[in-house]
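Below is one structure, written out as structure tokens, with a few remarks after it.
The values are calculated or read from the model by the stated rules, or taken from the named source; none is laboratory data. Note that the structure is a prediction, hence the values are computed from the model and not measured. Here Cβ is always computed from backbone atoms with ideal geometry, including for glycine, and neighbour counts include all displayed protein chains.
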Amino acid sequence: MPTVAELLVDALAEHGVTQVWGVVGDALNPVTDAIHHSDRVEWMGVRHEEAGAFAAGAQAQLTGRLGVCMGTVGPGSIHLLNGLYDAKKSHAPVLAICGQVPRAEIGSDFFQEVDNDVLFSDVAVFSATVTTPEQLPDLIERAGNAALQERGVAVLTLPGDVGGMDVPKGTPVPRFVTDHPPVPPSADAVTAAAEAINAAGTVTMLVGRGAREARTHVLAVAERLSAPMVLTLKAKPGLERDNPYEVGQSGLLGNHASAVALDGCDLLLMVGTDFPYKEFYPSGKVVVQIDASGEHIGRRHPVDHALVGDAEVTLAALLPLLQAKEDTGLLDKARSSYDAWRERQSHLTDPDYERKPRGLLRRKVENPSDRIRPELLASVVDRQASDRAVFTTDTGMATTWLARFVRMRGDRELLGSFNLGSMANAMPQALGAQALDRDRQVVAFCGDGGLTMLLGDLMTAVRHELPVKLVVFDNGSLGMVKLEMEQVGLSPYGTKLDNPDLARVAEAIGMRGIRVEDPHDVEQAVLEAFTHPGPVLLDVLTNPDEIAIPPKPTLEQGWGFAIAKSKEFLESSE
């Protein structure tokens, strides 16, 4: 007869789970032993449970299947929380298997005991404790189905004396419901939205992650309406490539062309997006929003016409009702602005930029130490990376450089902590992505602050022979926080980082380490990193004072930078 732990592992394997991430320990020893004896599931031991949760969440986002992580009694489960919150806010189906003290000790304030139901009450769509073997088939199916159908986190707790118990003879292996049929919109709502769109002079589209599978219909609608298309960061994969209507991102990552497109339209058509930054939405426009989740509609910006439905199904119903708009004036203006902005940005990718007339003054103002421009590094990575690469990116300035300089051509994928905004996500998400396919290139855009927060899990890449390429934007500071403080005129106190030579740290761990200090060495260093067969940490010393100008910079921001820089100069002179 199989044990509780063995039946659990069999259920995961039948679903297609190939790895479980975590740290071994007491209450969950029967589960790790069951994995050890399984020929279908691999144990991925990490140095910090948070890294395991991020890795599992990355796998869930890439496959649509359950990502699975484990944390044992008390502290081990607590360490999962940040990665699980990221999975929750990314709508990733993740199962967390958590240990608990033996049943007889539950509620006695036993050593390491925490109340998992309370601990995970906000992050989980389902949470339960298995107290008898007979409960397992039902609880594992409910946990898995809740995570898959609600696209969230499920938590299953195993007390220390339960995992090794035998389940009743003949107990079937639990199975999960994976079907997720698309939601069709109301026919009346489609007709009303089409009438509003036809009545509008110009239309701009704001397209998000929920429309990635509707690429053909998204482009057809843009063509019919001569509509410029602002993409959210999460919509870049699948919708950025070969898109003649795309004008980049809005928000702090974006460019002036997005403001041209949004401010210049009569009607804003939002498709599959929950873009959260209200200050970047245009005012005084008719708004049509398409989203599969009705609760998302109107929570960021007032909406005149709500279409609750799957993006592809809804656009397919809408398209035959739309009249062609022949005037391409707004599209041409936005695209021209976008092309001009990209041309200006390309100057910063020249290794000799600092020595040319356009770069001499800027160098004196913001790069007196002649550090490598992060734009150069990002553009070289984009040029040399595979068209099938999976990119992960840390929250902060690394994401800015990826958003602006890495094009999601081919079958490239992109992961980040885009909703939670956690630090330290890029490296563990890269581990999860690489474990799915060791032959697919995985590139992490790491901030030095993020990487060093979970530095110990560099050893996970080495231990499991995961050939990830970790590109570190080593600017010696918490760059995004520094920028935020300077925007409001504050001296960036506390943002400086005293980093070691991270390439040498990587070498000490057993990973290939490459350090770059000269802009003329970037191209060869990236090539060397990408052609190395094992894991690589590319430590590039970048300019800490690089400024990423938002689409509509304000006078207050300009004064803030001036005041902050004056304070920094005075403090450095004391």
Report task. Having 2 or more residues that are more than 21 Å from the chain's Cα centre (by Cα) and among the hydrophobic types (A, V, I, L, M, F, W, C) is the bar; report the helices (runs of 4 or more DSSP H) wholly within the stretch 1-109 that clear it. Result -> 4-15, 29-36
Report task. Return yes when residue 198 is over 17 Å from residue 306 (Cβ atoms), polar (S, T, N, Q) and not in a helix (DSSP H, G or I) and no when it is not. Result -> no
Report task. Could you check how many residues of the stretch 110-136 are assigned to a strand (DSSP E or B) and under 14 Å from residue 147 (Cα atoms)? Result -> 5
Query raised in the report: Failed condition for residue 147, given (1) out of contact with any strand residue (DSSP E or B) (no Cβ under 6 Å at 6 or more places or on another chain); (2) assigned to a helix (DSSP H, G or I), with all others met?
Result: (1)
**Report entry** Only listed residue being at pLDDT 95 or above and surrounded by fewer than 20 Cβ atoms within 10 Å (Cβ to Cβ), chosen from 457, 474, 439
**Finding:** 439
Query raised in the report: So how many residues does the stretch 71-110 have that are at positive phi and at pLDDT 95 or above?
Result: 2
Query raised in the report: Among 250, 293, which is the only one that is in contact with a strand residue (DSSP E or B) (Cβ under 9 Å, 6 or more places away or on another chain), of a type outside the set (A, V, I, L, M, F, W, C), buried (at least 20 other Cβ atoms within 10 Å of the Cβ) and at pLDDT below 95?
Result: 250
Requested in this report: Identify the single condition in (1) closer than 26 Å to residue 22 by Cα; (2) in contact (Cβ under 8 Å) with a residue 40 or more places away in the chain; (3) surrounded by fewer than 18 Cβ atoms within 10 Å (Cβ to Cβ) that residue 517 does not satisfy, given that it satisfies every other one.
Outcome: (1)
Requested in this report: Considering every residue within the stretch 163-183, establish whether at least one is outside any loop (DSSP other than H, G, I, E, B) and out of contact with any Ser or Thr (no Cβ under 7 Å at 6 or more places or on another chain).
Outcome: no
Query raised in the report: Residues of the stretch 4-33 being surrounded by fewer than 21 Cβ atoms within 10 Å (Cβ to Cβ), acidic (Asp, Glu) and modelled with pLDDT of 95 or more, which ones?
Result: 10, 14, 33
Query raised in the report: Does residue 338 satisfy the condition of being surrounded by fewer than 17 Cβ atoms within 10 Å (Cβ to Cβ) and touching a helix residue (DSSP H, G or I) at 6+ places or on another chain (Cβ under 6 Å)?
Result: no
Report summary line: Reported set for the stretch 174-224 where residues are closer than 21 Å to residue 413 by Cβ and surrounded by fewer than 17 Cβ atoms within 10 Å (Cβ to Cβ) is 178, 180, 213, 216
Report task. Residue by residue through the stretch 36-62, note down the ones that are hydrophobic (A, V, I, L, M, F, W, C) and surrounded by fewer than 24 Cβ atoms within 10 Å (Cβ to Cβ). Result -> 41, 43, 62
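Residues checked against (1) touching a helix residue (DSSP H, G or I) at 6+ places or on another chain (Cβ under 8 Å); (2) touching a residue at least 12 places away in the same chain (Cβ under 8 Å):
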{"site": "10", "(1), (2)": "no, yes"}
{"site": "39", "(1), (2)": "no, no"}
{"site": "44", "(1), (2)": "yes, yes"}
{"site": "48", "(1), (2)": "yes, yes"}
{"site": "61", "(1), (2)": "no, yes"}
{"site": "70", "(1), (2)": "yes, yes"}
{"site": "91", "(1), (2)": "no, yes"}
Query raised in the report: Say we look at the stretch 225-270 and pick out the residues that are assigned to a helix (DSSP H, G or I) and basic (Lys, Arg); which of these is nearest to the chain's Cα centre (by Cα)?
Result: 234
Report summary line: Screening 239, 307, 322 for residues that are touching a strand residue (DSSP E or B) at 6+ places or on another chain (Cβ under 8 Å), over 25 Å from residue 404 (Cα atoms), not small (Gly, Ala, Ser) and not assigned by TED's automatic domain parsing to the domain that holds residue 150 leaves only 307
Query raised in the report: Is it the case that some residue within the stretch 323-334 is surrounded by fewer than 17 Cβ atoms within 10 Å (Cβ to Cβ), touching a helix residue (DSSP H, G or I) at 6+ places or on another chain (Cβ under 7 Å) and not charged (D, E, K, R)?
Result: yes
Report summary line: Of the candidates 259, 311, 235, 227, the one satisfying the condition of being small (Gly, Ala, Ser) and surrounded by fewer than 23 Cβ atoms within 10 Å (Cβ to Cβ) is 259
